[in-house]
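Take a look at the structure set out below.
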Amino acid sequence: MNKFWNWVRNEDNRTLYLNGTIAEESWFDDDVTPAAFKAELLSGEGDITVWINSPGGDCVAASQIYSMLMDYKGAVTVKIDGIAASAASVIAMAGTTVLMAPTALMMVHNPLTVAMGDSEEMKKAIALLDEVKESIINAYEIKTGLSRARLSHLMDAETWLSAHKAVELGFADDLLFQAAGDPAPPQPESFAFSRRTVTNRLLNKLPREAEETEQKQPAKPLYERLQLLKF
């Protein structure tokens, strides 16, 4: 059995580490992995801490972990020290308190699948993805209080959130580490960016000289235009 989690016990509480891809093998038709996770979760009492550094993975596994943590009797403190992307961001929403390192990232996007068959099979796949998306929005909505329409737009754009932006939008409650000193320093600018936004901004940075040259010559493919940019 592949375990993508690890429990560590100490005198004060229990700590769960979720590192790497969630469920390398799907939890569909698999009673062993969910049962094992639940057994370890319920093997003790009291508050727990969940550290997350994961690019995501199986949405079914994420849904079950989310539900188990939401139903857990003790307080659940989620700490994101690297990345909580895709399915991992869903698990993070189960935290009673969600904290992010100043350097951490969170990413939300639409669910993905692989489909094969005729047009009817493709329609079924699209319908399935739509329903899965709605179920994911449920978790985001409960935590953030944002409208379903706004959450849907964030997912459509494959949005990456800095720690401050995640706090601003309600995906997280605070930062893991705060700057010392009194009074508190002003909050830095927060960032949310998507693939579309980045592409458009990069294209807007094309040198004017290059644009003038292109007006006199046939348009170049996008990949050749991007080669003109400096990062």
Charge context of residue 22, other residues only, Cβ under 12 angstrom, K/R +1, D/E -1: -2
Nearest-0.05 FRET efficiency for residue 47 and residue 3 at R0 = 35 Å, using Cβ-Cβ distance, is 0.95
When the label point is put 7 Å from the Cα of residue 156 along its Cα-to-beta-carbon vector, which residues of the range 103-121 have a backbone N closer than 13 Å? 110
Length gained, residue 120-residue 177, 0.36 nm per residue minus C-alpha separation, equals 15.4 nm
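Every number here is computed from the coordinates shown, using simple stated rules; none is lab data. Just so we're clear, the structure is a prediction, and the values are computed from it rather than from any experiment. Cβ atoms come from the backbone with ideal geometry, glycine included; neighbour counts cover every protein chain shown.
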